Amino acid sequence: MDFLFIADPLESFKIHKDSTLAMMRVAQAAGHRLWFCQSRNLLWKDNLVVADCQSLSIKPSSTSWYELAELESRALNSFAAVMMRTDPPFDIEYLNSTWLLSAAQRQGAKVFNNPSAVRDHSEKISITEFPELIPPTLITRELSAVEDFHQKHQDIVIKPLDGMGGMGVFRVGSDGLNLASIVETLGENGARTLMAQRFLPEITQGDKRVLLIGGEYVSFALARIPQGSEIRGNLAAGGKGVAMPLSDQERGIAERLAPVLNARGLFLVGLDLIGGFVTEINVTSPTCFVEITEQTGFDVPQFWLNQLEKALS
């Protein structure tokens with residue numbers, strides 16, 4: 001089968017741990033043909049959604065690790081599967097890509113994740129659908145609302161809705177030091193909506209990434225543990241990734257959410273859990289395939305491919 005990966009430039013991949021590359025490797029090893037383009041290479045042309053794309057071969061070398069063939073223009077519905085793996089931010093151009101991908105779906109393309117589901121699913125606000133599973137949370141543009149929330153909970157975390165990798169995450173303790181300044185800066189004086197959550201001290205045991213694939217869950221999580229005085233466990237912010245089996249509580253959350261989200265076309269999801277609370281539901285390009293596989297022996301890329309082939313059958 002021909003698989004098209006829409007992703008960031010190949011030269012930007014961190015080849016020692018990139019989940020998209022892990023998907024590509026296992027698909028190629030299984031005999032599937034790989035194709036690559038960036039989201040900017042999607043076009044509506046001659047009444048079809050097409051991609052100016054290139055056939056891709058993954059090589060064993062750690063330096064020159066890929067080879068691209070000549071550029072071709074192919075309709076998206078000519079691929080067995082289209083994987084949208086472009087990293088956030090979810091800006092207007094990302095949104096434009098989802099609209100083109102939705103048009104491709106109407107023409108018969110099979111896109112993972114479903115672009116309309118991605119478009120309807122804010123990775124942070126989506127947790128409000130499951131209020132019994134989340135920590136005390138506030139979503140607002142109003143400084144006064146954040147001040148009231150802080151007064152009630154004393155120790156809180158504030159973050160922008162469109163951040164990734166721990167960018168723009170601030171903790172404000174009981175002294176309220178710099179609360180107004182943080183809200184005004186992050187919120188651009190009320191122009192941007194922010195999320196505030198009660199600080200969860202369990203972050204010291206890790207911000208756990210739980211992978212849901214094809215309506216099932218991976219039985220190991222990657223606990224991203226903050227280092228030193230840092231409160232962010234994100235690997236991009238210097239957190240240490242430690243794979244561990246899901247607890248009974250985490251398994252229960254995964255069992256509940258996996259079929260619900262998969263039924264909406266969210267084939268691959270990354271739940272973020274701290275202390276048994278769901279803090280984010282990531283659907284754009286969830287990661288941690290390689291770290292879990294290397295530390296536990298559970299082959300996440302192969303599990304992903306098995307689930308994908310099942311979905312395509």
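The values are calculated or read from the model by the stated rules, or taken from the named source; none is laboratory data. Only a predicted model underlies this, so the values are computations on that prediction, with no experimental measurement involved. Backbone-built Cβ (ideal geometry, glycine too); neighbour counts: all protein chains shown.
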Total residues in the range 144-154, condition in a helix (DSSP H, G or I) and more than 29 Å from the chain's Cα centre (by Cα)
5
Only one of Gly176, Gly190 is surrounded by fewer than 18 Cβ atoms within 10 Å (Cβ to Cβ), touching a residue at least 24 places away in the same chain (Cβ under 8 Å), in a loop (DSSP other than H, G, I, E, B) and touching a helix residue (DSSP H, G or I) at 6+ places or on another chain (Cβ under 7 Å); which?
Gly176
Counting only helices (runs of 4 or more DSSP H) entirely within the range 227-313, those with at least 3 residues that are among the hydroxyl-bearing types (Ser, Thr, Tyr), assigned by TED's automatic domain parsing to the domain that holds Glu216 and out of contact with any Cys (no Cβ under 9 Å at 6 or more places or on another chain) are none
